[in-house]
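Beneath this line is the structure, given in structure tokens, with notes to follow.
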Amino acid sequence: MGRRCWRRRALVAASLGAALLLLCAAPHALRPAFQNGALGSGWLGGKRKSPLQMLYDLDQGPPFPLAQVHQQRRDLLRRACSRHTRRQRLLQPEDLRHVLVDDTHGLLYCYVPKVACTNWKRVLLALSGRARGDPYAIPAHEAHAAGRLPSLADFSPTEINRRLRAYLAFLFVREPFERLASAYRNKFSRPYSAAFQRRYGTRIVRRLRPSAHPDALARGHDVRFAEFLAYLLDPRTRRDEPFNEHWERAHALCHPCLLRYDVVGKFETLAEDAAFVLGLAGEPGLSFPAPPRPKAAAASHDRAARLFRDISPFYQRRLYDLYKMDFLLFNYSAPSYLRLH
Ligand SMILES: *[C@@H]1O[C@H](CO)[C@@H](O)[C@H](O)[C@H]1NC(C)=O
């Protein structure tokens, strides 16, 4: 990105006032807000560069492969956004519900369930000083407890704006159908999700089985993948309430076309991408637990392929349409096991 462009975006950002809504005029561009000394000096008593400044320096410096990968992902996301989104609506504070804030380091993390978000929440708790000791020893329910980490939506427009301008924003995404298969497996086919099965499973059974067994009606414990998909594709589902976050599309949780993300991490390259973010945050010593790659990746792909094998091409196509934006924005191709034509 050329310097002129940078300057223009800085101007755009500077003329905002309290209305955070104009920020979407310049999504995806790193804005050099940290060049303004007042903002840059806040980090750790001014002893350290902010993560956003670190990224900016990397992008301006000699070519560094991992930084280039992330630059390309940002460019692709921006192009896909302008190609595939119609008239942009304005960013609302409610859109920022999933964006968690670490003021200590200057990080914004948009969490997408089923994409290592428990571990990211643990890491953020440790980074922001809200938890001591080994972050991975923090119990999952504690990492997920509401209010443990502040959400960007809870700040005033001025405070939101300041953080959007100066902090490094990142999210982690995953191949959409592998994520969906993981959500189904975790919430419906595993025996330990009784709460989810009662909440959503019973609803699905009631809607889809005209003469359901009373036990299934009461417990919602035996929902098949095809039934789960039929529930997702039923227009009534989203008319009643938004999708649960475990199967809501990543773009609908994080709004990457309204909000500038500096790093788009991928579940498929979790270890490298997490190390990149932690390096920018000045915490390279914190290693992010990631499953050994080739084996876990193949298993995740196989599980999705197996689940989709029994789904009719008609439903496969409609489901692909439902999740299409996540495929397009994050550069995933339609899986080869799908019968789309
Ligand atoms: C998009 O995906 C293709 C195919 O996997 C890959 O070759 C390309 O490098 C990716 N582009 C970006 C910007 O990630």
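The values are calculated or read from the model by the stated rules, or taken from the named source; none is laboratory data. From a predicted model like this one, the values you see are computed outputs, not experimental measurements. Note that each Cβ is placed from the backbone with ideal geometry, even for glycine, and that neighbours are counted across all protein chains shown. In case anyone asks, the SASA skips ligands and DNA or RNA and just uses the protein heavy atoms, side chains included. Shrake-Rupley method; radii C 1.70, N 1.55, O 1.52, S 1.80 Å.
List of remarks:
- Working ranking of peptides 59-69, 127-137 by packing, defined as the average number of other Cβ atoms within 10 Å per residue, highest first, is 127-137, 59-69.
- Euclidean distance between Cα centres, segment 222-289 to segment 120-156, Å: 17 Å
- Full extension of the chain between Leu338 and Arg203 yields a length gain of 45.8 nm, computed as 0.36 nm times the residue separation minus the alpha carbon distance.
- For segment 276-336, size of Cβ-based charge dipole, Lys and Arg +1, Asp and Glu -1, in debye: 280 debye
- For the Cα trace of the chain, dividing Rg by the Kirkwood Rh returns an Rg/Rh value of 0.98.
- When both bridge partners sit in the chain, DSSP labels roughly 40% of those beta bridges antiparallel.
- Maximal additional length on extending the Ser151-Arg224 stretch stands at 22.8 nm, based on 0.36 nm per residue less the C-alpha distance.
- Spin-label pair Arg190/Asp240, simplified geometry with 7 Å Cα→Cβ offset, distance in nm: 2.4 nm
- With respect to the chain, whose longest principal axis is taken over its alpha-carbon atoms, helix 3-14 is tilted by about 80°.
- Among Pro157, Pro256, Pro292: highest mean-square fluctuation, GNM of the chain, C-alpha pairs under 10 Å: Pro292
- Ordering Pro284, Ala298, Ala274 by Cα displacement along the dipole of the chain toward the positive end leaves Ala298 in first place; charges were set at the Cβ atoms of Lys, Arg (+1) and Asp, Glu (-1).
- Rounded to the nearest 20, the Cβ-based charge dipole of segment 191-319 about its Cα centre (Lys and Arg +1, Asp and Glu -1) stands at 680 debye.
- Global form of segment 86-200, assessed from the alpha-carbon gyration tensor, a/c cut-off 1.5: oblate
- Nearest-10 value in Å² for the accessible area of Leu208, using the 1.4 Å probe: 60 Å²
- Between helix 293-309 and the chain: long-axis angle, C-alpha atoms, 0 to 90°, nearest 10: 40 degrees
- Oblate is the label for segment 112-156, because a/c, from the alpha-carbon gyration tensor with a ≥ b ≥ c as root eigenvalues, is 1.5 or above and a/b does not exceed b/c.
- Between the residues Gln60, Thr104, Thr85, the greatest Cα displacement towards the positive end of the dipole of segment 53-124, with unit charges on the Cβ of Lys, Arg, Asp and Glu, is found for Thr85.
- Packing rank of 177-187, 77-87, where each peptide gets the mean count of other beta carbons within 10 Å, highest leading: 177-187, 77-87
- Neighbour-limited loop hits for chymotrypsin sites (Phe, Trp or Tyr not before Pro), segment 284-341 (at most 12 other Cβ within 10 Å; DSSP other than H, G, I, E, B): none
- Based on Cα contacts under 8 Å between residues 6+ apart, the chain shows a relative contact order of 23 percent.
- With 20 Å as the limit, the listed pairs Lys121/Lys324; Lys121/Lys266; Lys49/Lys114 have Lys121/Lys324; Lys49/Lys114 beyond it between alpha carbons.
- Given charges at beta-carbon only (K, R positive; D, E negative), |dipole| of the chain in Debye: 760 debye
- Each peptide in 114-125, 228-239 gets a packing score, the mean of other Cβ atoms within 10 Å over its residues, and the list from highest to lowest is 114-125, 228-239.
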